[in-house]
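Below: one structure, written as structure tokens.
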Amino acid sequence: MERKTWLSDVIGTEKAAIGVVHFKAFPSDPLYDAEGGLEAIVDAARKDLLALQNGGIDAVLFSNEFSFPYEPEPALEVVAGMAYVIGELKKDITVPFGCNVISNTHDSIALNAAVGGCLMRGTFAGAWSGDMGLINARPGEFLRHRHNLGLDKKLKMVHYISPESSSEIGGRDKHVIADSTLFGNLPDALGICGASAGKSIDLPFMKELREARADVVLFATTGVKYETIEEIYSVADAAFIATTFKVDGIFENPVDEERVKRFMDKLKAWRS
């Protein structure tokens, strides 16, 4: 019998697919469309959201994906803009949802609290070197932030073992990081990333985690494709999916409803 995790209660199914809505750039972001303004962001996000939902997605995650280059402390107008856009979309959302302010876990917690999100992902622990310089994550702060907002049960946190395009300064083995995270950081799930958006995860590592800790909820966070559904989901409990749902599978493009439906039809047939 298939085991039951919190995914069934929060998202409504095991082996869940979470489609990512990539928000266009916000005020102060270099790629911001000042002429189109926030309404252009809302319009693009609504089209992607509806394409995901019409295609049969299980849940969605809203993310400021086009806020290039990313910052560890995003401008207030970015977080405020995300709240505005999600507020405008609330009447259209028919599936469970969460949100992610890229590279700032405190902002993600606050945003989910404000808009009613139930799911987030991020780097909760460790010291990392990457494109934004040095990142020092403090899990104690993050979990206390969630606790103080009364969201321990409602807001589920997917902890990256190793964030995209980053290396841990201490050079710890990823198995050591996973063991340490599970022992003391109270993760709701572990997320396994590829090198960057759209890149395949380290599946052998995920298999080793599954064999060692059958009780842990595992997320594939990048690189899941139509062709790898069975391979990934035979190990992972859930996945965040974005690039493969875009027109022609290209990151910069809008979501293609037919690609979503094709993927979800195969996934639902496989998990039934």
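Summary table below
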| read-out | value |
| --- | --- |
| Extreme residue, farthest from Ser67 (Cα to Cα), among residues of segment 122-158 that are among the polar types (S, T, N, Q) and not in a strand (DSSP E or B) | Asn148 |
| Residue match in segment 120-133 (condition: of a type in the set (Lys, Arg), surrounded by 18 or more Cβ atoms within 10 Å (Cβ to Cβ), more than 15 Å from the chain's Cα centre (by Cα) and at pLDDT 95 or above) | no |
| Check on Lys156, surrounded by 22 or more Cβ atoms within 10 Å (Cβ to Cβ) and modelled with pLDDT of 95 or more | yes |
| Subset of segment 253-269 [open to solvent by less than 50 Å² (accessible area, probe 1.4 Å) and in contact (Cβ under 8 Å) with a residue 60 or more places away in the chain] | Val255, Asp256, Val260, Phe263, Met264, Leu267 |
| Counted residues, segment 69-108 - those being touching a residue at least 40 places away in the same chain (Cβ under 8 Å), surrounded by fewer than 21 Cβ atoms within 10 Å (Cβ to Cβ) and within 20 Å of Ile135 (Cα to Cα) | 5 |
| Residue among Ile250, Ile241, Ile232 that is without any contact (Cβ under 8 Å) to a residue 12 or more places away in the chain, under 23 Å from His22 (Cβ atoms) and of a type in the set (A, V, I, L, M) | Ile250 |
| Given (1) touching a residue at least 60 places away in the same chain (Cβ under 8 Å); (2) in contact with a Phe, Trp or Tyr (Cβ under 9 Å, 6 or more places away or on another chain); (3) surrounded by fewer than 21 Cβ atoms within 10 Å (Cβ to Cβ), number of the condition Ile57 does not satisfy | (3) |
| Ser162 vs. criteria open to solvent by 40 Å² or more (accessible area, probe 1.4 Å), in contact with a Lys or Arg (Cβ under 9 Å, 6 or more places away or on another chain), free of Cβ contacts under 8 Å to residues at least 40 places away in the same chain and of a type outside the set (A, V, I, L, M, F, W, C) | yes |
| Any pair with Cβ under 7 angstrom, 6 or more apart, that starts in segment 32-50 at a residue that is more than 14 Å from Pro254 (Cβ to Cβ) and ends at one that is open to solvent by 80 Å² or more (accessible area, probe 1.4 Å) | Asp33/Lys24; Leu38/Tyr84 |
| Spans of helices (runs of 4 or more DSSP H) in segment 8-121 with at least 3 residues within 25 Å of Val217 (Cβ to Cβ) and in contact with a strand residue (DSSP E or B) (Cβ under 9 Å, 6 or more places away or on another chain) | 37-54, 105-115 |
| Tally of residues being surrounded by 15 or more Cβ atoms within 10 Å (Cβ to Cβ), free of Cβ contacts under 8 Å to residues at least 40 places away in the same chain and closer than 25 Å to Gly171 by Cβ across segment 139-150 | 1 |
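The values are calculated or read from the model by the stated rules, or taken from the named source; none is laboratory data. Keep in mind that what you see is a predicted model, and the values were worked out from it rather than measured. Reconstructed Cβ throughout: ideal geometry from the backbone, glycine too, with neighbour counts over all protein chains shown. Ligands, DNA and RNA are excluded from the accessible area calculation, which covers all protein heavy atoms including side chains. Shrake-Rupley method; radii C 1.70, N 1.55, O 1.52, S 1.80 Å.
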